[in-house]
Each structure stands twice: as structure tokens, then as C-alpha cells.
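K.L.:
Quick one: the structure is below, and I'll ask about it shortly.
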Amino acid sequence: MADSLPTEFDVIIIGTGLPESILAAACSRSGQRVLHVDSRSYYGGNWASFTFSGLLSWLKECEQDSEAGDKSTVAWQNLIQDTEEAIALRRKDDSIQHVEVFCYASKDTGDSAEEIDVLQKNPSLVASSTLTKPLDSACLSEETHSDSTSPEMPAKDTPQHDGEILPEVTDREETQVKETDCGEKTCIHTVSDGAKDENKPVVEDNSGQPKRNRITYSQIVKEGRRFNIDLVSKLLYSQGSLIDLLIKSNVSRYAEFKNVTRILAFREGKVEQVPCSRADVFNSKELTMVEKRMLMKFLTFCLDYEQHPGEYQDFTQRPFSEYLKTQKLTPNLQHFILHSIAMTEPSCLTVDGLKATKHFLQCLGRYGNTPFLFPLYGQGEIPQCFCRMCAVFGGIYCLRHRVQCLVVDKESGRCEAVIDHFGQRISAKFFIVEDSYLSEDTCAGVQYGQISRAVLITDQSVLKADSDQQISMLTVPPAEPGARAVRVAELCSSTMTCMKDTYLVHLTCSSASTAREDLEPVVQKLFTPYAETEIDEGDPPKPRLLWALYFNMRDSSGVSRSSYHGLPSNVYVCSGPDCGLGNEHAVKLAETLFQQIFPGEDFCPPPPNPEDIIFDGDDKQPEAPGTNTLIVAKLEASEGSQNLDSPGQHLQ
Amino acid sequence: MQAANKEHLYKLLVIGDLGVGKTSIIKRYVHQNFSSHYRATIGVDFALKVLHWDPDTVVRLQLWDIAVIGQERFGNMTRVYYREAMGAFIVFDVTRPATFEAVTKWKNDLDSKLSLPNGKPVSVVLLANKCDQGQDVLLNNGLKMDQFCKEHGFVGWFETSAKENINIDEASRCLVKHILANECELMESIEPDIVKPHLTPPRALSCSSCAKS
């Protein structure tokens, strides 16, 4: 496999996140020979989405010792000539920290036969076995740790990970408690008691609707393929730069979307729907007639606020929130506009607030009732769509392919080649590297931000509606001045990101502390742990948490190129995901770098549409409209004429 | 032709080991030609075949070749390749028994990555290609092959030759027949309100582009 990889390219791209994948498609589309590699076994880097078992494997990977799995690599030091020097790349990505996992769902053993099947496929899923030590929510941090090599483990192929990811145990009497403090490492906490749950009656809604579904952990594991859990939670503005790029490049042919159906607000402890379209405003039951008129008047003004500078000139240097107070708006409406429509931080200036409001309004109605789209199967599909486009235009893809170092010519100061983990030297003219691959030395002077993330699996929507298939965007304002607003995206099963009768909830904010410390207060406001349902007699009952994950992701989006130390000028750096709601940062970054590398080249022009190349069954002439735009390479490099690899390599 | 009442668009995958003739089969079926030296097409990720199924029905088939250079070569398919396919051909070369042994691997791989919206596996037809190049022992016993297909969940099998144009139309008809039969069942589970952004003629955008400027 390695020896059949060509050794010369125009562009080598390391990392398959969104900006790198857009660049790969753009380079390949403009005729460059592209090699696109990722050291991971999946596409997307920190932009990836995972099935449930895939996510558990990812959690395990986050834990693995940085030196592990390095034995197979070939030393590169001898391959560097006297006229060259090497810039080593990082061996282990450390952009994910403070990982914590909580399982609330009942772990009943009803259908153990199916579980065993799952366990065999996913050795990491030891956690699905049986009941565990009951813990109440007050002692969440008091995990039970077991020795991962202990003979009592329920599955024979227990993962080796220094006992930090905690496989649950069959019987707590047999548990060897190794440590009670997991520090900043991954922990799995269990807070439900399966045996107790068995005897509980199923809770009925107040509204007399069908019973609340009981979802067990083994069902989640069994239906794990229904989940596509994104590491980053983003939406596409329907008039945003990513949707425009997808359409322009026709990469959109690979993607499908759902409209976000509701914009929600969290006010005085309650979740409410924000009316945002004209029809919403007039149909709203929450707003009075006077409020409806006030809101419409203000939103109409925002659509062309630039034409009326007199209306806001006294507030240009003052916060948007103060400006809103001077408008004829009730506190209710001010809250909607500030937090759910403009979605700004309280300190945001008036002009920026008006601009954000206008953008929101402009995006309404292009595809649906809210300004946002969500990709079916998750945000993690989008980088793959660009990769497909790159591959269709001849780009070569190697996952699980680690680049050990960049080779720099001392005299010219330019990067000439990379050396991969097989010790193979691959040369190119330009190199694009995702930030997390750069070594500590290169990044010594870099200041990173952090993103706090939570991923929840719940049994009901935060706001019940006629249809249970709602995709909702909720902003929870900061509880105290100076704190950050938390963005909540709730996805239903028709987005193809979670199993039936569950919701996948993503929480995001820029970090002040660890993800759990930043986000748990909001989680507690909106949800109740599964096991506590009997106690919680709230009206309406809160949705129940089945499973929760917290982690921090490094935010390199604000890093300037000049703060990386010692990189040659033909090495370009892509940042990881930013904290923003849209994908504007990634698209802009990719386009800017592309213009730097290939000034004047068209960025992602539309390819010939295969739909235009029709060979009609009744038509003997294999020519059709549009064929003249088809690019046919004069290569014989197709699979029938060359022996490229062995059969097994198609199968992973 | 245009007056057909029903139009169906199906994505089909063509899968199998290297050199079994996947691309040749697509070329023969779609382009009506065969060449032992063919050129790789860049910029095209599927070939389209239009079938006039019956007087009322047009079936458009997108045939996705796994051999688009680059991703497939190192076994790094994106989900985009598998997603929403309605059926597949798994191809082996009758002159090379090892390619037949790989068939079950391909079938298992496919079933692990793709299922119909109702959770059932997609219809797959097995093609024993290069049947013009002498009979293989594997195929001497048709009953055995029928048994194999039944055990491994293939809806049928055909001895094919892209070179001599043997049985390719028949195999395709068999697959389409099964997909059409499945679809009645699937109609209920098809999701409404999916947004597919496309290149739209500028005139259609007049309103929103006014607002944009």
C-alpha cells in the first residue's frame, strides 16, 4: 500500500477538518495534484461525527498515552540530508481535555444476547453490561474505578487505558476501587440503578399523551449506528458563506439539510418559542397585540437600519442591550431580540447588534421558517463532501497515515517534502497543516482559546410541540454578568443523528473553566437525570437525561500565522473549529489561504454536472448536452489496468 | 418519452475487488462499449443510465463506481459514497477464485455501512464477471450458487461478460425489479422537508438577492 503511493504532489494537506477539506477540493478542482492525509482512522479531525460506539472509541483514543502505537513507525532522523533540516510534527493530538462521561440510562440486562453481539464488535463497549453502583446526583464525581485488567471484567477484551476510561463492572462487590479522583482525565460515571428502575411505573405526561418512552443504555448501544454525534455543534446560515460555497461548487450535491424548525429562548426558568418570521409574530399566542406591532416595527427597521442612522447614532458606542431599552419594546421582546435573534453577548455594541439582527432576518425564508439549516447525518458530513469532490478530481486520500516531519531545504528555507510513518519521503510544492499537528516547539508562543462542549442524549424535547420532530436552537443567557451565553442545539431523530424517541442535545460556549463546570448549571436547568424522574414533579416535567458527555476543545481560530515559530513560508496553517455558530470562519480561512497559494485562481468553481452526461438507453450516440465541458484525463490509472492494492485494503 | 407518469432515481453501487471488471461493466451498460484500455474519467463520480421501464415509468440509475481514483484506492471511502444507495452489484472474476472469496467480505462491509431507511439491507445482485474467459469450477454447479446467494442475502446472481455484453442488462433489470418492489414499503418512511440546495438560475433568486445587496 505504501509503496504504491506516488512520491510527488503539488499540494500535501495534513488534517481532514473543514478548512483543510475545502482547500483540498479547491486545489484538486484547479488541477493540482493533491495528497490529503489524516493520522486518524476517520475523516474530519475535531469536525468529525461519530456513531455511539465510534464516540466511545474516540473517548478511549483521547485517553491513550501519546507514545502508544508508535512502535511501527520508521525513524526519520537518518533520512534527512546535510542540506536539510526537519520540523517534527506532533505525535499525539492533545486538543481535547477534561473529558467526562455520565450514564443515567438504565442498564437492564433484558436482551443480553444482542448486547453480546454488540460487545464483540465493539470491545470498548464494556460499559453496557449490567447494573452498577447506584449513585445519586449529589455525588456525581465519586466514580467507581476498577482495574481494567481485573479478572472480574464482563468482557474478555477489556481496553487497555490505564484504567481511566472506566469499564463498568458486573457486580460492585467485586469491584476493586483503584482511585476516586480522575483529575482532568476521562471518567465514566454511572448514576442510575437499573434494578430499581425495573419496578418503577412508566411516567405519564400531564397532557395525557402516550407514555414516555423508556430508553435503556443497551438500546442506545444497540441502536448506536443511528447516532451521528458531532464534536462541534454548528448550523449553517441559509444566506451564509458555507451554503453559498456548497452551492457554487456544487458540493451541495453530496449533502442534504433540514431546516431548524424553532428558535427558542430561556427566560425566567422557562423555555419559550421565539416568533421570528412575520407569520410567527402574528400567530404567536405569547405576545399581545401591542407587542406584535412593536416587534414587527422594530424588525422592519432592522432590515434597513443603515438607511436610518439618526435612529441609533447616540448609541453607536454603547451596548445593544441599552439601545433596546430605549425602543418601545417590552422586556420580553428585548430578551428575544438580544439573546435569540441577534444572539449577541450583553456587551455587544449597538451597530453589531443591529447587523446581527439584520443578518438573521435576511436568512429567514430562504429555505424555511428560521435562518438555519442542519446537515442530515451531522455537521461531520460537510468535510467529507468536500473530500469526495477532491477525490473525484483526482485527489488521493490516506487515513491512518501519519506524517512524522516536514523536510526543509536549508538554503531556500522552503519546505520540500514530508516523511511519513513508513519512512517514505513525499515531495510537494505547498503544504497545508492543521494546527493540532504542529509540535510544542512550533506552538510555543501560541495562545489558544478553549471551547466548552456537552453532548446529551435525552428522552424528550425541551419544549413540547405538536410534532416531536423539531430541530431547535436555544440560547441560554449568562446567569450572572460577565459569564458566557450557552448555545443549545436540540436535534430530533429525523436529522439522522440520534435513535428514534431520543434527542441529541449539543451545548457550546467559550470556556471559562472545564466544560462540566461551564455547562452543568444549564444542563440542570433544562433537564433532569433519568433516575430522579420520580422525585421531579415539575410542570411540565423536564426531559430526562439518558447520557451525557462533557469535554473541552482547543480553539485555535484566533491564532495568527506569525505566532507559529519557524515555519517555512510555503507551509500554511489551518485552525481547528471556532466557537461561533456558523461556519464563516472556516470558509474564509480556506478561501484566504487558497488565494495566497494560488493568486488569481478561481476558488471552487462549479464542476460539470454528471446529470448532464446522460447516455440514454435508447440512444446509440454516447454524446449528450454538456459533454463538451467534461474533463477527461489522459491517464490509464484506473483500477482495471493497474495493480494498486490487495483486496483486503478496501475493507477497513 | 417526457410524458412518463412515474420517474424514479436510484443510486446503485458497484463493488468488488480490484480488476474484476467493475468499470468495464459500467461502461458497457451505460456507454455501450468495451475497451480493455480505458481512460479514467476525472470529475465524474457516477454514470447515469436511463431505463424506460414500462410505458409509464422511467428509471434513472446513478451507477457509483467504487474506483474513483484516490479515496477508494486506499480503502478510505467517505460516507457520501454509501449514503442513500438503494442497491448494489458485487462483482467477482470467475477466473480468480480469490475474488469470489472476497465477496462475503464486501457484502458484510456493505451491510455494516448501509441500510434502507426501514433498517433492512439494500438489494444486492452478485455478478460472476468474465464468464467469456472459460468456466470456473465455482459456477459449474448453479444450485450451489443459488444456495450461496440465499445464505448471504443476495437477491440474485448472473454470469456476466462486459466484453461480450452478456447478461448485464438482465442483471440490472433484476436489481431494479427488487428495488421497485421494496420502494412501495419505503414510501411511508421517506422524510419530507429535506432541503437540497442547488445551483439555481439567477432569476429564481430575484427576491432574496435584492434583499442581500
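K.L.:
Go through (1) more than 30 Å from residue A:360 (Cα to Cα); (2) at pLDDT 75 or above one by one and return the number of the condition residue B:140 breaks.
P.N.:
(2)
K.L.:
Could you check residue A:514 against (1) of a type in the set (Val, Ile, Thr); (2) under 25 Å from residue B:117 (Cα atoms); (3) surrounded by fewer than 21 Cβ atoms within 10 Å (Cβ to Cβ) and say which number it fails?
P.N.:
Of everything listed in (1) of a type in the set (Val, Ile, Thr); (2) under 25 Å from residue B:117 (Cα atoms); (3) surrounded by fewer than 21 Cβ atoms within 10 Å (Cβ to Cβ), residue A:514 misses just condition (2).
K.L.:
Further, regarding this structure: Taking residue A:3 as meeting all but one of (1) over 24 Å from residue A:425 (Cα atoms); (2) out of contact with any helix residue (DSSP H, G or I) (no Cβ under 8 Å at 6 or more places or on another chain); (3) part of a helix (DSSP H, G or I); (4) at pLDDT below 85, write down the number of the exception.
P.N.:
(1)
K.L.:
Tell me, please, whether a residue that is at the interface with chain A (Cβ under 7 Å from one of its Cβ atoms) and at pLDDT 85 or above can be found in the range B:62-84.
P.N.:
No, the range B:62-84 has no match at all.
K.L.:
For residue A:513, are the conditions met, namely being among the hydroxyl-bearing types (Ser, Thr, Tyr), in contact with a Cys (Cβ under 8 Å, 6 or more places away or on another chain) and assigned to a loop (DSSP other than H, G, I, E, B)? Spell out how you get there, then give the answer.
P.N.:
On the way: among the hydroxyl-bearing types (Ser, Thr, Tyr): yes; in contact with a Cys (Cβ under 8 Å, 6 or more places away or on another chain): no; assigned to a loop (DSSP other than H, G, I, E, B): yes.
Here the answer is no, as residue A:513 does not meet what is asked.
K.L.:
Output the residues belonging to the range A:212-262 that are more than 24 Å from residue A:26 (Cβ to Cβ), assigned to a loop (DSSP other than H, G, I, E, B) and under 18 Å from the mean Cα position of the chain (by Cα). If you could, list the steps in order and put the result at the bottom.
P.N.:
First, the residues of the range A:212-262 that are more than 24 Å from residue A:26 (Cβ to Cβ): A:212-229, A:233, A:258-262.
Next, only the ones that are assigned to a loop (DSSP other than H, G, I, E, B) stay: A:212-215, A:223, A:227-228, A:233, A:260-261.
Hits for the range A:212-262 are A:227, A:228, A:233, A:260.
K.L.:
From the list A:497, A:442, A:475, A:508, pick out the single residue that is in contact with a helix residue (DSSP H, G or I) (Cβ under 9 Å, 6 or more places away or on another chain), of a type in the set (Ser, Thr, Tyr) and assigned to a loop (DSSP other than H, G, I, E, B).
P.N.:
Values: A:442 fails: in contact with a helix residue (DSSP H, G or I) (Cβ under 9 Å, 6 or more places away or on another chain); A:475 fails: assigned to a loop (DSSP other than H, G, I, E, B); A:508 fails: assigned to a loop (DSSP other than H, G, I, E, B).
It is A:497.
K.L.:
Would you point out the residue of the range A:239-260, among those that are more than 9 Å from every other protein chain (Cβ to nearest Cβ) and buried (at least 20 other Cβ atoms within 10 Å of the Cβ), that is nearest to residue A:495 (Cα to Cα)?
P.N.:
Result: A:260.
K.L.:
Residue A:412 fails exactly one of the following numbered conditions: (1) within 8 Å of chain B (Cβ to nearest Cβ); (2) of a type outside the set (D, E, K, R); (3) within 30 Å of residue A:79 (Cα to Cα). What is the number of that condition?
P.N.:
Of (1) within 8 Å of chain B (Cβ to nearest Cβ); (2) of a type outside the set (D, E, K, R); (3) within 30 Å of residue A:79 (Cα to Cα), only one is false for residue A:412: (1).
Here's the yes/no breakdown for (1) polar (S, T, N, Q); (2) in contact with a Phe, Trp or Tyr (Cβ under 6 Å, 6 or more places away or on another chain); (3) modelled with pLDDT of 95 or more:
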position: A:528; (1), (2), (3): yes, no, no
position: A:538; (1), (2), (3): no, no, no
position: A:583; (1), (2), (3): yes, no, yes
position: A:586; (1), (2), (3): no, no, yes
position: A:614; (1), (2), (3): no, no, no
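K.L.:
Considering every residue within the range A:445-456, establish whether at least one is free of Cβ contacts under 8 Å to residues at least 40 places away in the same chain and charged (D, E, K, R).
P.N.:
Filtering the range A:445-456 for residues free of Cβ contacts under 8 Å to residues at least 40 places away in the same chain gives none.
Checking the range A:445-456: not a single residue is free of Cβ contacts under 8 Å to residues at least 40 places away in the same chain and charged (D, E, K, R).
K.L.:
Can I ask one more? May I ask you to verify whether residue A:266 is touching a Pro at 6+ places or on another chain (Cβ under 8 Å), closer than 20 Å to residue A:368 by Cβ and touching a residue at least 40 places away in the same chain (Cβ under 8 Å)? Write out each step before concluding.
P.N.:
Numbers: touching a Pro at 6+ places or on another chain (Cβ under 8 Å): yes; closer than 20 Å to residue A:368 by Cβ: no; touching a residue at least 40 places away in the same chain (Cβ under 8 Å): yes.
For residue A:266, the condition - touching a Pro at 6+ places or on another chain (Cβ under 8 Å), closer than 20 Å to residue A:368 by Cβ and touching a residue at least 40 places away in the same chain (Cβ under 8 Å) - is not met.
K.L.:
Take the residues of the range A:16-35 that are under 20 Å from the mean Cα position of the chain (by Cα) and outside any helix (DSSP H, G or I): which is farthest from residue A:586 (Cα to Cα)?
P.N.:
So, considering only residues that are under 20 Å from the mean Cα position of the chain (by Cα) and outside any helix (DSSP H, G or I), the one farthest from residue A:586 (Cα to Cα) is A:16.
K.L.:
Suppose we filter the range B:1-29 for residues that are modelled with pLDDT of 70 or more, over 23 Å from residue B:105 (Cβ atoms) and either of a type in the set (Ser, Thr, Tyr) or surrounded by fewer than 22 Cβ atoms within 10 Å (Cβ to Cβ) (or both); how many remain? Spell out how you get there, then give the answer.
P.N.:
So in the range B:1-29, the residues modelled with pLDDT of 70 or more come out as B:5-29.
Subset that is over 23 Å from residue B:105 (Cβ atoms): B:5-10, B:27-29.
Next cut, either of a type in the set (Ser, Thr, Tyr) or surrounded by fewer than 22 Cβ atoms within 10 Å (Cβ to Cβ) (or both) only: B:5-10, B:29.
Counting residues in the range B:1-29 that are modelled with pLDDT of 70 or more, over 23 Å from residue B:105 (Cβ atoms) and either of a type in the set (Ser, Thr, Tyr) or surrounded by fewer than 22 Cβ atoms within 10 Å (Cβ to Cβ) (or both) gives 7.
The values are calculated or read from the model by the stated rules, or taken from the named source; none is laboratory data. Computed from a predicted model, the values in this text were never measured in an experiment. Positions of Cβ are generated from backbone atoms using ideal geometry, with glycine treated the same way; all protein chains shown enter the neighbour counts.
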